[in-house]
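> Dropping a structure here in structure tokens format, bear with me for questions.
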Amino acid sequence: MAPKSHQGTRSSPPADSQDRHKRLWSTTLFGSLVWILGTSVITLATWNALSGPQGLRGLDDLEVYRGAIQSFRSGHGLYTFQSSSIGDAFTYPPTAALVIMPFALIPYTWSAVLWTCMCIAGAVSIALMVGRSIAARQPRGTIPVDAITTSGLAFTAIAASAPLASNLRFGQISILVCALVIADLLCLSGTRAAGGLVGLAAAIKLTPLIFILYLWLAGRRRATTVAIATFVACAIVAWTIVPRASVEFWSSVVFEGGTVHAFTSSGNISLDALLQRLGVHGQIHTMLWIPICLAVVVVALRRAIQAGHAGDDLGAMVIVGAASLVVSPISWTHHQIWLVLAAFVVLRSPEQRLPGRWTLVAQAAWTGATLSIMVLSAAELRPFLAIAVATLIPIRRTVRDGAPPHGALRHLSELRGALKPSALLPARLGRGNRGK
């Protein structure tokens, strides 16, 4: 009997392979549509920011940067300049002036266009890094999505947010500083260069110094050393190039945060400004501000270390970023990118007792509420959102839950106990718009 011929017959691909291809195409298509939406939103945000009566000439902070540098070049000093339109002076470290200086050497229009493009590039880079982190570490009980979709969602949220609109409107450097910190913590972690970008960011604006403290307490000693070395090296270089400005900044300007124009407006969500808006001044203000700031820092760092040890670098970064907004004397709207990213941290239910669908409901409610506060005109709620993100909101169960803390965690636990109100207050008391 002749053997059967198999000519003309082909084996069909497995069903699971076909399903994978369909899912790949559908997720890619959906992710692309989300990116198109985000691009449309950021285009509209850029148009709104630049369509005022002055157009590109309305970038107030960029004008302050350029004016201060031009004042320095003409021999009048970096910190003596004050903007004629808003009355603000240059308040950043000399390193920031050196970084910005090229933009003061070209015509203003070109400078404004390039600066706006850099802000948009900063938003795109943050979305890509955050989206990749979300997609790489999805815990059980969440909707599985790919990096294209998660980065597109992050980009759309950032594009629609008040912090990006403020960066675009004023020509601010804040989003670029955030991008440096995020690139370091999410992309360089574990490499020899880890800590370098955090050190550079802190040399440009002092607020990221809290991330160096986080790196040290988290046991990342090499990254801490690199961050400190970078920060000191930048300060030395600036001291060499602009010695008089360096002396002026480190001896006086750095202590004058409270003199900034519209310090107590609702755009400044720091605890310092919040207490002053509530009518708390003088010695009572100091007695409240210092211990509350210390308590927020201790609790936030402990939570961030736990999240970092569990592999949730995004959650740890957002917690520390929110704490920086609370304890810094000045936290304008353009600083508040961290609160936008807080919408994408993964909540955990108490003791993980809620079923998966209710966990999704809680996550959706948190994301919606957070983005509503950061997109709409709700500046009065943002100080409380920052405090909640830093100290209260349960972000992913960590591998150390239920285990006794040790090392830095143990010391932070002890310090947190010492900072309880009952330990800080006497026994009798233990029983109180600029829109930038």
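> Identify, from the list 203, 159, the residue that is in contact with a Cys (Cβ under 8 Å, 6 or more places away or on another chain) and outside the structural domain of residue 383 (by TED's automatic domain parsing).
203
> Can you name the condition, by its number, that residue 85 falls short on among (1) in a helix (DSSP H, G or I); (2) surrounded by fewer than 23 Cβ atoms within 10 Å (Cβ to Cβ)?
(1)
> Taking the stated definitions as given, is residue 132 touching a Gly at 6+ places or on another chain (Cβ under 9 Å), part of a helix (DSSP H, G or I) and among the basic types (Lys, Arg)? Explain how you work it out, then say what you get.
Working: touching a Gly at 6+ places or on another chain (Cβ under 9 Å): no; part of a helix (DSSP H, G or I): yes; among the basic types (Lys, Arg): yes.
Judged against the criteria, residue 132 is not a match.
> If you don't mind, there's one more thing I want to ask. Assess whether residue 100 counts as being surrounded by fewer than 20 Cβ atoms within 10 Å (Cβ to Cβ) and among the β-branched types (Val, Ile, Thr).
On the way: surrounded by fewer than 20 Cβ atoms within 10 Å (Cβ to Cβ): no; among the β-branched types (Val, Ile, Thr): yes.
So residue 100 does not fit the description; no.
> Take the residues in the range 281-335 that are at negative phi and part of a loop (DSSP other than H, G, I, E, B), then tell me which one is surrounded by the fewest Cβ atoms within 10 Å (Cβ to Cβ). Break it down stepwise before answering.
From the range 281-335, those at negative phi are 281, 283-310, 312-335; that's our starting set.
Filter once more, so that each one left must be part of a loop (DSSP other than H, G, I, E, B): 281, 310, 312, 328-332.
Numbers: 281: 10, 310: 19, 312: 23, 328: 23, 329: 17, 330: 19, 331: 29, 332: 26.
By that ranking, first place goes to 281.
> Restricting attention to the range 72-86, which residues are more than 16 Å from residue 243 (Cβ to Cβ) and either within 27 Å of the chain's Cα centre (by Cα) or among the hydroxyl-bearing types (Ser, Thr, Tyr) (or both)?
Those that are more than 16 Å from residue 243 (Cβ to Cβ) and either within 27 Å of the chain's Cα centre (by Cα) or among the hydroxyl-bearing types (Ser, Thr, Tyr) (or both): 74, 83, 84, 85, 86.
> Among the numbered conditions (1) closer than 19 Å to residue 126 by Cβ; (2) assigned by TED's automatic domain parsing to the domain that holds residue 326; (3) among the aliphatic types (A, V, I, L, M), tell me where residue 274 comes up short.
(1)
> To continue, here is another question. Please verify whether the range 154-164 includes one or more residues that are under 20 Å from the mean Cα position of the chain (by Cα) and surrounded by fewer than 16 Cβ atoms within 10 Å (Cβ to Cβ). Lay out the reasoning, then the answer.
Taking the range 154-164 and keeping what is under 20 Å from the mean Cα position of the chain (by Cα), we get 154-164.
Among the residues that remain, those that are also surrounded by fewer than 16 Cβ atoms within 10 Å (Cβ to Cβ) are: none.
Scanning the range 154-164 turns up no residue that is under 20 Å from the mean Cα position of the chain (by Cα) and surrounded by fewer than 16 Cβ atoms within 10 Å (Cβ to Cβ).
The values are calculated or read from the model by the stated rules, or taken from the named source; none is laboratory data. These numbers were taken from a predicted model, which means no experiment stands behind them. For neighbour counting, all protein chains shown are included, and Cβ atoms are generated from backbone atoms with ideal geometry for every residue, glycine included.
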